[in-house]
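Trainee: Supplied in structure tokens, the structure appears directly below.
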Amino acid sequence: GQSLEQPSEVTAVEGAIVQINCTYQTSGFYGLSWYQQHDGGAPTFLSYNALDGLEETGRFSSFLSRSDSYGYLLLQELQMKDSASYFCAAGSGGYQKVTFGTGTKLQVIP
Amino acid sequence: EAEVAQSPRYKITEKSQAVAFWCDPISGHATLYWYRQILGQGPELLVQFQDESVVDDSQLPKDRFSAERLKGVDSTLKIQPAELGDSAMYLCASSRGYGYTFGSGTRLTVV
């Protein structure tokens, strides 16, 4: 089956940098995505890695190591509005099936 | 910005009743997904459509859940009969690449 592991909670200070890790076991893996979800809201797409290395999008960066079945999301210059749940999601199979992790709840404190 | 439309936004139903959710994906997105998300957990795929065809419904409880996308555009997810354990957020998403766009979801409460 497919499984993804993330820390359940992370707390960080406003203005700081935080890294959210994700390890996966997915057959037919082709890429790792990250989504942000505020309480009561729908997930929104943040980033995608198909190849090893770092992808940067503004304050957010995402990293993938296919050989280690590992990725992370890096959030810089944390803002209070970044308090949300963050999900890694592994894509697999020929029809772009995506399996989500259990999510990491990030709390940004002043 | 294009959006995925879902309705209703909230639904309260009694157990054993039937309930239906509707989704209209972004125009041109051939792939449509229905996910269920229980509070504090990640979304779980229920069914995936490619145009009007189901390509994955391995996690769909077929004894009570059904989904259709007759013309390959909008889609309906039905539960009959609803059970207390079905209380969750039901999310629709569409894509034509690697990033999904989710709708606002339907929060279902079964009483």
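Trainee: With an 8 Å cut-off on Cα pairs and a minimum separation of 6 or more residues, tell me the relative contact order of the stretch A:55-110 in percent.
Mentor: In percent, rounded to a whole number, it is 27.
Trainee: Once Lys and Arg get +1 and Asp and Glu get -1 on their Cβ, which of A:Gly101, A:Val10, A:Tyr72 lies farthest toward the positive end of the dipole of chain A?
Mentor: Positive-most Cα among the choices belongs to A:Gly101.
Trainee: What is the dipole size for the stretch B:1-89, taken about its Cα centre, with +1 at each Lys and Arg Cβ and -1 at each Asp and Glu Cβ, in debye to the nearest 20?
Mentor: 280 debye
Trainee: Another question, then. Please build a GNM for chain B, connecting alpha carbons under 10 Å apart, and tell me which residue among B:Ala93, B:Ala20, B:Ala67 fluctuates the most.
Mentor: Comparing B:Ala93, B:Ala20, B:Ala67 in the GNM, the peak value goes to B:Ala20.
Trainee: Would you work out which of B:Ile26, B:Gly42, B:Pro8 lies farthest towards the positive end of the dipole of chain B, given +1 charges on the beta-carbon of Lys and Arg and -1 on that of Asp and Glu, about the Cα centre?
Mentor: Checking the options against the dipole of chain B, the answer is B:Pro8.
Trainee: Let me ask you something else. Can you give the charge dipole size of the protein assembly as shown about its Cα centre, rounded to the nearest 20 debye, using +1 on the beta carbon of Lys and Arg and -1 on the beta carbon of Asp and Glu?
Mentor: Roughly 420 debye for the protein assembly as shown.
Trainee: Only four residue types carry charge here, +1 at the Cβ of Lys and Arg and -1 at the Cβ of Asp and Glu. Report the dipole size of chain A about the Cα centre in Debye, rounded to the nearest 20.
Mentor: The dipole magnitude comes to about 260 debye.
Trainee: Can you list the HN-Hα couplings for the stretch A:4-13, worked out from phi with the Karplus curve (6.51, -1.76, 1.60; θ = phi - 60°), rounded to whole Hz and with x for Gly and Pro?
Mentor: 9, 10, 9, x, 6, 9, 9, 10, 9, 8
Trainee: Which entries of B:Lys11/B:Lys71; B:Lys11/B:Lys78; B:Lys15/B:Lys71; B:Lys15/B:Lys62; A:Lys97/B:Lys78 show an alpha-carbon separation above 23 angstrom in the structure shown?
Mentor: Long pairs (Cα-Cα over 23 Å): B:Lys11/B:Lys71; B:Lys15/B:Lys71.
Trainee: Where does the longest stretch of chain B lie that holds no trypsin sites (Lys or Arg not before Pro) found in a DSSP loop with 14 or fewer other Cβ atoms within 10 Å?
Mentor: Between the exposed loop sites, the longest stretch runs B:16-61.
Trainee: HN-Hα J couplings of the stretch B:80-91 from phi, Karplus 6.51/-1.76/1.60, θ = phi - 60°, integer Hz, Gly and Pro as x?
Mentor: 7, x, 6, 10, 4, x, 7, 4, 4, 9, 10, 10
Trainee: Give a quick list of GluC sites (Glu not before Pro) in the stretch B:14-111 that DSSP marks as loop, anything other than H, G, I, E or B, with at most 13 other Cβ atoms within 10 Å.
Mentor: Those satisfying the criteria are B:Glu14, B:Glu83.
Trainee: For the stretch A:24-110, state which GluC sites (Glu not before Pro) are in a DSSP loop and have at most 16 other beta carbons lying within 10 Å of their beta carbon.
Mentor: Numbers: sites: A:Glu55, A:Glu56, A:Glu77; in loops: A:Glu77.
Sparse-neighbourhood loop GluC sites (Glu not before Pro): A:Glu77.
Trainee: Shifting gears a bit: Pulled fully out, how much extra length does the chain show between B:Val73 and B:Ser53, if you take 0.36 nm times their separation in residues and subtract their Cα-Cα distance?
Mentor: 6.1 nm
Trainee: Estimate the FRET efficiency between B:Glu44 and A:Ala16 by the formula 1/(1 + (r/R0)^6), using the beta-carbon distance for r and 35 Å for R0, to the nearest 0.05.
Mentor: 0.60
Trainee: Enumerate the amide H contacts of B:Leu46 below 5 Å, restricted to partners 5 or more residues apart or on another chain; note that Pro and chain-start residues carry no placed amide H.
Mentor: Distant-sequence amide H within range of B:Leu46: B:Trp34, B:Tyr35, B:Arg36.
Trainee: Something else: For the stretch A:11-110, run through the chymotrypsin sites (Phe, Trp or Tyr not before Pro) and keep only the ones in DSSP coil with at most 16 other Cβ atoms within 10 Å of their Cβ.
Mentor: Loop-located and lightly packed - A:Tyr95.
None of the figures in this text is laboratory data; all of them are computed from the coordinates on show. All figures in this text were calculated on a predicted structure; none of them were measured in a lab. Every residue, glycine among them, receives a Cβ derived from its backbone with ideal geometry; neighbour counts consider all protein chains shown.
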